[in-house]
Every structure is written in C-alpha cells, then in structure tokens.
Amino acid sequence: MIDNTQDSFEPLSIDALRTMAGVIRCDIIDMICTAEAGHPGGSLSAADIVTALYFRVMRLDPQNPAWPDRDRFILSKGHACPVWYSALAERGYFDKTHLGTLRRIDSILQGHPDMRKTPGIDMTAGSLGQGLSAGLGMALSGKLRGKDYHVWIVLGDGETQEGSVWEAAMAASKWKLDNLTAIVDRNRLQNDTYVKDVMPLGALAEKWRAFGWHVIDIDGHDMTQIVRALETAKTLRDQPVCIIAHTVKGKGVSYMEDIAEWHGRAPCDEEALLALDEIRRACDLPEEGVR
Amino acid sequence: MTGLYHHLKPDVIDHLRQGTLLTRAPGAPTRYAYADAVLELGHRNPDVVVLNADVAKSIGTDRFAEAFPEREFNFGIAEQNMVAAAAGMATTGLIPFATSYAVFLTMRSLDQVRNSIHYPRLNVKLASSHGGITPGPDGPTHQGQEDLSLMRAIANSTIVAAADSLTTGRATWAAAEWEGPVYLSFTRDPVPYLYEDDVPFEIGKAIVVREGSDATIVAIRDMVAQALVAAELAAAQGLSVRVIDSHTLKPLDEPLLLRAARETGAIVTAESNTILGGLGSAVAELLVEHHPIPMERIGLRDTFAESGPYLSLLLKYGMSAGHIAEAVARVVGRK
C-alpha cells in the first residue's frame, strides 16, 4: 500500500503520526506568532490530515520535488499554508529555519502558497474555489499519460460555497477520476462566523454523492480513521472520493477552538507560549521556547 | 507603388485600390484558422490538449476532438473549472489550449486566469474567439470588448490578436512554442485574407504593412483591414500613412512603434476593443513617456455597442475606415 520508493523514508505509525501532528501544530503557532499574521484556526484543523498525507500516505521524494510520478497535494484553502509549510519542512523539503521567515520580504514562504517560491508546493493557491479544478487537471493528465500518481486536495468547508467547486465536482465524476481525492476540512467556521450562519451547506455528504462521488465521513482528528480513509481512497476505482473530515477549527489550542476570531489572527507571545505548552503536553513533546 | 505594401496578397492590394476590400475580398473568421492550427499542433506534439466549454462546434475545435478524443476535454458551460484545470494540466507538462469566447474566458474566469495561470506563470494558452465587436449580431453580451484591456493588466501575460487567418495560424503555433501563458484572440465574423505566406510572424514583433510618412495607424486584429482602407482614404486626401499590424499587444513592439512615431510624427490607434486599457492605451503610455506626439484612439468609447452587422456597428460607433481616416487628418493637422 505504501510506496515511498524514491527515498528511504519509513511511513510513520499511527502513534508517531499523532506526535508529528503535535510538532506541526507547534510549528504553526511558532510561525504565525513570529510573522505576527496568518491563519491559525484552519491550519490547526487540517494538521492531522496533512500529517497523515505527508508522513504515511503520499508517494513523494523531498529530494526531488519535481519527480513526475509523485503524488500531488493542493491546499485549496491556501490561507492555511502554515500547516503545509511545516509538513514540508519536517519532511525535509527545505530547512526548518525558513519557517521563521513566513510572510517576510524575500522569504520562500509567502502568505499564501506559491509554487514558484516554495519547494514541494504543487500548486499556487489562495483564491478559494480553484484547487479542486487544478487537481482535476493534474488527475486528467495522469490518466492521459498512464501515470499512477494520486492527487489529494484539501478544501475548506466554507470554500465549498464557491460555485466552481461544484463545476469541478461534476467534471471529476464525468471523467471517473479515481486518482483524485477531495478532503473537506469540515471545521464549521469561516472568516466571518459559523458556516451555517453565513451560508449553510445543507446536506454536504449527500451533495457530493449526488455529484457522483464516493463519500467517507470521518473524525478528522482521529488518526486511525484518517489513515484508513486516505488509504481506502487510493484503492477505490472508477469514482472520485470525497472525505468529509469533521474537525475543530483551532484544534489543539483550547482558547482557539471553535472561535471564528482565530481564523486569521496571530497569537501574541504569551498566547503562543500557552498554546505551545498545551500542544506539547497533549503529545508528550519536549519543551522549547518560542522560535 | 512598388514597396508601398509589405506582405499583402496581390488581390488585397487590388481591392484596396478599388475600394472593395471590406465588401468583396475573400476572408474567414479567424477562429477557424485557430482550430486548423491547433489540429495541426495535435499531430505534431502529443503534449497539446484542447479544453472546450461547449462552444467547440462554433470555434471548430470539435475537429480536434474527433482526431484526438483522448486529448480533448469538454468542460461544459463551466469556464472557471476549465481554466483552473488547464493550470493543473500545465503543471504536469501538458500544453493546454483552453478555448471559449472572450467574454467568458476572461471575465467569467478572470480570477482563475490571474491566480492559477499568470501568477504561477503556467504554460496555458487561452484561445479566445468573439473578440471585439466581431460577433456583431449577438450583441454586447457576446462582444469581447474588454478582454484585451483586462489581460493587459495581468502580470506575466502575453497577448496576441492576429489580423487574418494566416497569421492567426502562425500565432497559434508560436503560442505553443512560447514558454508561459499566452492569450490568443480571434474574430467571430469574417475578416479578409490579408497576408502572403512570406509574412514574418513572431510574437512581440509588429508588422509594417504599408509605408507612409505623414502619420501611422497602429491597428490590431480585425481593425488592421479597416486601417488599410483608411490609409487609402487618407491617400486620396494627399496624406501618406503608414500602417502597422500590432498583433502582439503585450509585449508591445516598442522600438518599431517609437520609430514610426519619430518618422511620421502622428499616430492613430485602431481596435474594436474599448479604448480604455487596450491598444490605444498601450501606445499612448509608450508615447507619453518616450516621444509625445499628436495621437488619437479609435475604439469603443466607453460604451456598449448593440446587435447589428459588424460593418454597420463600426460605422455607428465611430470605428469605420472613414472614421480612422478622419482621425488621421486631425492628428496630422495638430503636428
């Protein structure tokens, strides 16, 4: 199932994935605190999913980011890029010292993902509603050329308010793209407030099913469920898979959890210390200072 | 008259002398020339793919679909998805030609065009029919009068709008060779076959079609034919008018245009785009910074047009050959 043929990386166990997700959460807090700007809530809600992808499920080679046969990943909710940058750094795409340069002049880490600046970023993102379409193009190309790579897209639940997401959903079904998996980070909050109050999504799973997708509902913070769903998505045939990952925005930092304000606000130093302490305790990580 | 014209077909020169270019000369919509060229590209290069949005039959890319069914993707009436999917394809090394009408390809999906194609400089070709007011009878909803302006404002853009079928084919081949995004603009209605096979065509290099010393008309796409007729009308008034086919709006052929400005001392631009932000703006910006001279812009003057035959619309909205010739007389008078 796991095919990391291009490097010697050993896919992590479920327990090790949980610990790595803690490391990534700490990176997220560090990065956004240092940058004094960014989007912690949606980075933290996606941390377990992104960790499972980069440290167990995806076929990739950090030494060769342009490897044509690699799996592709797109963080369509590009504002949550700290989670992506951390995963890439921890996986060895670039040195971790870059994480301290987020959003700074001349940094390789832009405020939203830029494929031309950051090794390992497969698609520029930031304007919501485009990642699934871009991934669809990658998946079509894979089919055309007989490549067996898989394309993974993480979308925000609020993002699915964009109509073009459903254009892409319709098309992926038309072309039976079983090499394409959409993971909806269903953290129930968007920039202004709760998704249900801004523009309710209704029966989200039923909508994806009606568009021809195989839908898997999971707890997006349960590593066992995440890994099982992702690996199932790789094996299903003739149909794209949508994993609806029920998550908590700000997961792991109790004062951020389920609070809309933490969509796009940076923690101050004291808040960051509090957050790091909580994350480390939860994962038995050693103590370090703020970067 | 030898040496007055460059690269034009002999019958085009005859029509110009007889005043029948716009009514009698053979021609075709340039969208079909694009469809021919991309079909040829399909044979030459297995990386070329065509993306359609339910106007394949109108543009002629249904023939590519027949020839290469596995390399044609019809996205239906969903341009945003098509354009961003083209970006995804380009990241894998394919050369996608995303094909639709100007208004939809640029405006419906402008965010995708900007953020998913031009910002990451992905190798997508946007093939855009129904440029300017050439879809006359369809009316303003289908008349692409802003696409050149919008595309010009986007960084990393390259914009080519050829004047006839031959150069549209050349532009399509050149776009496939060009590394990075290219926007190609075609006409819905017929324009005359202007050029001989020997016409040099290179992205970024404008073509001097007619020599002249009193003023220069810089024209793009369908308006090159109007400009040629206008030059004849001006000649009848004793004015010697150069005509430049500025098929590449971006990057503009600045050296050639500045030479024309210095040598003729007056410029009129002609486009069936809005005068805001298109060719006229580009040339004005160049001149005001480097060589200010009397200049006028012909184009849609901040208005929507209406349904009607293409040539009638040019007359009603002040963009006909006669209007261009009058503008030439005015700029020469201001020297």
Return, for the Cα atoms of the stretch B:1-81, the radius of gyration and Dmax in Å, separated by a comma. 18.1, 53
Sequence order, the stretch A:166-178: Karplus ³J(HN,Hα) from phi using 6.51 cos²θ - 1.76 cosθ + 1.60, θ = phi - 60°, Hz rounded, Gly and Pro as x, gives 7, 4, 5, 4, 4, 5, 4, 6, 3, 8, 6, 7, 6
The protein assembly as shown - share of DSSP beta bridges that are antiparallel (%, nearest 5): 15 percent
List the lysines whose Cα lies under 26 Å from the Cα of A:Lys174, skipping any in the same chain that are fewer than 8 positions away. A:Lys77, A:Lys143, A:Lys147, A:Lys207, A:Lys234, B:Lys57, B:Lys125
At a Förster radius of 35 Å, what calculated FRET efficiency corresponds to the Cβ-Cβ distance of A:Ala205 and A:Glu36, to the nearest 0.05? 0.35
List the residues of the stretch B:74-109 for which accessible area in the full set of protein chains is at least 10 Å² lower than for the chain on its own; 1.4 Å probe, protein heavy atoms only. B:Asn74, B:Phe75, B:Ala78, B:Gln80, B:Asn81, B:Ala84, B:Ala85, B:Gly88, B:Met89, B:Thr91, B:Thr92, B:Leu94
For q = 0.13, 0.16, 0.20, 0.28 Å⁻¹, what log10 I(q)/I(0) does the stretch B:192-247 give under the Debye formula with an equal point scatterer on each alpha carbon and no solvent? -0.31, -0.46, -0.70, -1.17
How much length would be gained if the chain were fully extended between A:Lys147 and A:Gln63, taking 0.36 nm per residue of separation minus their Cα-Cα distance, in nm to one decimal? 28.2 nm
About the Cα centre of the stretch A:14-283, how large is the charge dipole given +1 on each Lys and Arg Cβ and -1 on each Asp and Glu Cβ? Please answer in debye to the nearest 20. 960 debye
Out of B:Pro120, B:Gly169, B:Thr303 - ranked by how far each Cα lies towards the positive end of the dipole of chain B, with unit charges on the beta-carbon of charged residues - the top one is B:Thr303
Quick one: check the C-alpha center-to-center distance for the stretch B:252-293 versus the stretch A:141-216, whole angstrom. 47 Å
Which whole-Hz couplings ³J(HN,Hα) result when phi for each residue of the stretch B:165-172 is put into the Karplus expression 6.51 cos²θ - 1.76 cosθ + 1.60, θ = phi - 60°, listed in order with x for Gly and Pro? 5, 4, 6, 5, x, 4, 5, 5
Out of A:Ala89, A:Ala245, A:Ala203, any idea which swings most in a Gaussian network model of chain A, alpha carbons joined below 10 Å? A:Ala203
On Cα atoms only, tilt of B:279-290 relative to the major axis of chain B in degrees: 60 degrees
Which whole-number value in Å² is the accessible area per residue of chain A, probe 1.4 Å? 37 Å²
For the stretch A:14-283, state what percent of all Cα-Cα pairs lands in each successive 10 Å bin, counting from 0 Å until the bin that includes the largest distance. 7, 33, 38, 18, 3, 0
From largest accessible area down, sort B:Thr303, B:Thr61, B:Thr91; use a 1.4 Å probe on the protein chains. B:Thr303, B:Thr91, B:Thr61
Cα gyration tensor shape for the protein assembly as shown, rounded if a/c is under 1.5, else prolate or oblate: prolate
Could you grab the Rg to Rh ratio for chain B? Cα atoms only, Kirkwood for Rh. 0.96
Heads up, I need the accessible area for B:Ser58: 1.4 angstrom probe, whole protein in place, Å², nearest 10. 30 Å²
Distances over 30 Å make up what percent of all Cα-Cα pairs in the stretch B:28-192? 5 percent
Quick one: Cα centre-to-centre distance for the stretch B:17-45 and the stretch A:89-109, in angstrom? 51 Å
Cα axis of helix B:321-333 to longest principal axis of chain B: angle in degrees, 0 to 90, nearest 10? 50 degrees
Nothing charged except the Cβ atoms of Lys and Arg (+1) and of Asp and Glu (-1): what's the magnitude of the dipole of the stretch B:208-335 about its Cα centre? Round to the nearest 20 debye. 180 debye
Round to the nearest 0.05 the FRET efficiency obtained for B:Lys57 and B:Glu177 when R0 = 22 Å and r is the Cβ-Cβ distance. 0.20
Quote the total accessible area buried by chains A and B together, excluding ligands, DNA and RNA, probe 1.4 Å, nearest 100 Å². 2200 Å²
Among bridges DSSP assigns within chain B, what percent are antiparallel (round to 5)? 20 percent
How long is the gain from A:Ser13 to A:Trp175 if the chain were fully straight, where each residue apart is worth 0.36 nm and the alpha carbon distance is subtracted? 54.9 nm
Excluding same-chain residues fewer than 8 positions from B:Lys335, which aspartates and glutamates have a Cα within less than 17 Å of its Cα? B:Asp214, B:Glu263, B:Glu296, B:Glu326
With all protein chains present and a 1.4 Å probe, how do A:Arg186, A:Arg25 order by accessible area, largest first? A:Arg186, A:Arg25
Bridge type composition, the stretch B:28-192 - antiparallel percent by DSSP, nearest 5: 5 percent
Heavy-atom accessible area of the protein assembly as shown with neighbours in place, 1.4 angstrom probe: carbon+sulfur share in percent works out to 50 percent
From most to least accessible, 1.4 Å probe, no ligand or DNA/RNA atoms counted, B:Ile293, A:Ile32 line up as B:Ile293, A:Ile32
Calculated FRET efficiency for the pair B:Asn156/A:Lys96, C-beta based, R₀ 41 Å, to 0.05: 0.85
Asserting the computed 222 nm helical MRE of chain B (DSSP H runs at least 4 long, -39500 (n - 2.57) per run, divided by residue count, to nearest 500) equals -11000 deg cm²/dmol
Under 14 Å Cα-Cα from A:Lys196, which aspartates and glutamates qualify once same-chain neighbours fewer than 8 residues away are excluded? A:Asp157, A:Glu159, A:Asp258
Of A:Ser8, A:Gln130, A:Leu140, whose Cα points farthest to the positive end of the dipole of chain A (charges on the beta-carbon: +1 Lys, Arg; -1 Asp, Glu; origin at the Cα centre)? A:Leu140
For the stretch B:115-179 and the stretch A:43-66, what is the separation of their Cα centres, given in Å? 38 Å
For the Cα atoms of chain B, what angle does the longest principal axis make with the long axis of helix B:30-44, in degrees from 0 to 90, nearest 10? 50 degrees
According to a simple spin-label model (label point 7 Å from Cα along Cα-to-Cβ), what is the distance in nm between B:Lys205 and B:Ser312? 4.2 nm
So what's the back-of-envelope 222 nm ellipticity for chain A, counting only DSSP H runs of four-plus at -39500 (n - 2.57) apiece and dividing by all residues, rounded to 500? -11500 deg cm²/dmol
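The values are calculated or read from the model by the stated rules, or taken from the named source; none is laboratory data. The structure presented is a predicted model; accordingly, all values stated were derived computationally and were not measured. Reconstructed Cβ throughout: ideal geometry from the backbone, glycine too, with neighbour counts over all protein chains shown. Just so you know, the surface numbers come from the protein's heavy atoms only, side chains and all, with ligands and any DNA or RNA stripped out. Shrake-Rupley method; radii C 1.70, N 1.55, O 1.52, S 1.80 Å.
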